[in-house]
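Each remark here refers to the structure printed beneath this line.
The values are calculated or read from the model by the stated rules, or taken from the named source; none is laboratory data. Keep in mind that this is a model prediction, so the values were computed, not measured. With ideal geometry, Cβ positions are generated from the backbone for all residues, glycine too; neighbour counts draw on all protein chains shown.
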Amino acid sequence: MSMLREIETRRARRALSPEPIDDTVAEELGRAATLAPSCFNSQPWRIIAVKNEEGAASSDAVRAALTPGNAWALRASWYFVLCTAAHLDCRLDEGRDYAYFDLGQAALALQIQARHLGLIAHPIAGFSPAKVRAGLAIPKEFVPLVVVVVGKPGADDALSEKQKADEIAPRTRVPITDVVYRERFGLPFSSLP
């Protein structure tokens, strides 16, 4: 089976180097996110790229919003705050607000491009949306759904013991037979390994 190397080797690593990443590289990551597909090409994402600089109001706001378990992210070079609003995209029956799905596709495109460039791109939910909203002037109708922490690979000295173990643990996935079905829900696509 032929899989793109960037997909196969992508991991949400935490061991970051404090070494800066150039603005042009960050812009390239943002561009990759904007090339993701969306319902009727509505492109419902709004992405705030925040360079992690000591004393800068925007990066101070993101750092202050992080939960204690994400203290490792203080070493990031950039934070990409991905936001959306349901009204920006297709709103279909049974609560199918496509904006959140399409934002996820943009987040994955950013991560795959980062992996291609040899960078770490780790999406996190562990932050205070209210603090991020206030610090980055995000309008109330937008949901700051995820922060993608981006940096160069580095030492694991800022990680907890559990996080250090996670960095070197084998990648685990739910068995494909439990998540990919053929013809009907629950009927495994058994020819897949």
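Just a few scattered comments:
- Residues within the range 41-74 that are among the hydroxyl-bearing types (Ser, Thr, Tyr) and either at positive phi or surrounded by 18 or more Cβ atoms within 10 Å (Cβ to Cβ) (or both), tallied: 2
Matching residues to (1) touching a residue at least 12 places away in the same chain (Cβ under 8 Å); (2) more than 21 Å from the chain's Cα centre (by Cα):
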| site | (1), (2) |
| --- | --- |
| His116 | yes, no |
| Ile120 | yes, no |
| Phe142 | yes, no |
| Asp156 | yes, no |
| Ile176 | yes, yes |
| Val179 | no, yes |
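- Within the set Arg133, Arg96, the sole residue that is within 20 Å of the chain's Cα centre (by Cα) and charged (D, E, K, R) turns out to be Arg133.
- When the test is whether a residue is touching a Gly at 6+ places or on another chain (Cβ under 6 Å), at pLDDT 95 or above and within 25 Å of Ser2 (Cβ to Cβ), Ile112 does not pass it.
- Scanning the range 80-97 for residues that are surrounded by fewer than 20 Cβ atoms within 10 Å (Cβ to Cβ) and not in a loop (DSSP other than H, G, I, E, B) turns up Ala86, His87, Arg91, Leu92, Arg96, Asp97.
- The residues on offer are Val62, Val132, and the sole one that is closer than 24 Å to Leu16 by Cα, in a helix (DSSP H, G or I) and out of contact with any Phe, Trp or Tyr (no Cβ under 8 Å at 6 or more places or on another chain) is Val132.
- Filter result (of a type in the set (A, V, I, L, M, F, W, C) and more than 12 Å from Ser42 (Cβ to Cβ)) within the range 91-105: Leu92
- Filter result for Ala73 (in a helix (DSSP H, G or I) and within 21 Å of Lys140 (Cβ to Cβ)): no
- Condition check for Ser77: surrounded by 14 or more Cβ atoms within 10 Å (Cβ to Cβ), of a type in the set (S, T, N, Q) and out of contact with any Ser or Thr (no Cβ under 7 Å at 6 or more places or on another chain): yes
- Single residue of the range 167-193 satisfying the filter (part of a helix (DSSP H, G or I) and either among the polar types (S, T, N, Q) or in contact with a Leu (Cβ under 8 Å, 6 or more places away or on another chain) (or both)) that is nearest to Leu103 (Cα to Cα): Ile176
- Members of the range 33-46 found to be more than 19 Å from Pro144 (Cα to Cα), in contact (Cβ under 8 Å) with a residue 24 or more places away in the chain and outside any loop (DSSP other than H, G, I, E, B), listed by number: Cys39, Phe40
- Across the range 47-59, the number of residues qualifying as part of a loop (DSSP other than H, G, I, E, B) and in contact (Cβ under 8 Å) with a residue 24 or more places away in the chain comes to 1.
- Whichever residue in the range 115-133 is in contact with a helix residue (DSSP H, G or I) (Cβ under 6 Å, 6 or more places away or on another chain) and crowded, with 22+ Cβ neighbours inside 10 Å and, among such residues, is farthest from Pro68 (Cα to Cα): Ala121
- Test result for Thr84, in contact (Cβ under 8 Å) with a residue 60 or more places away in the chain and in contact with a Gly (Cβ under 9 Å, 6 or more places away or on another chain): no
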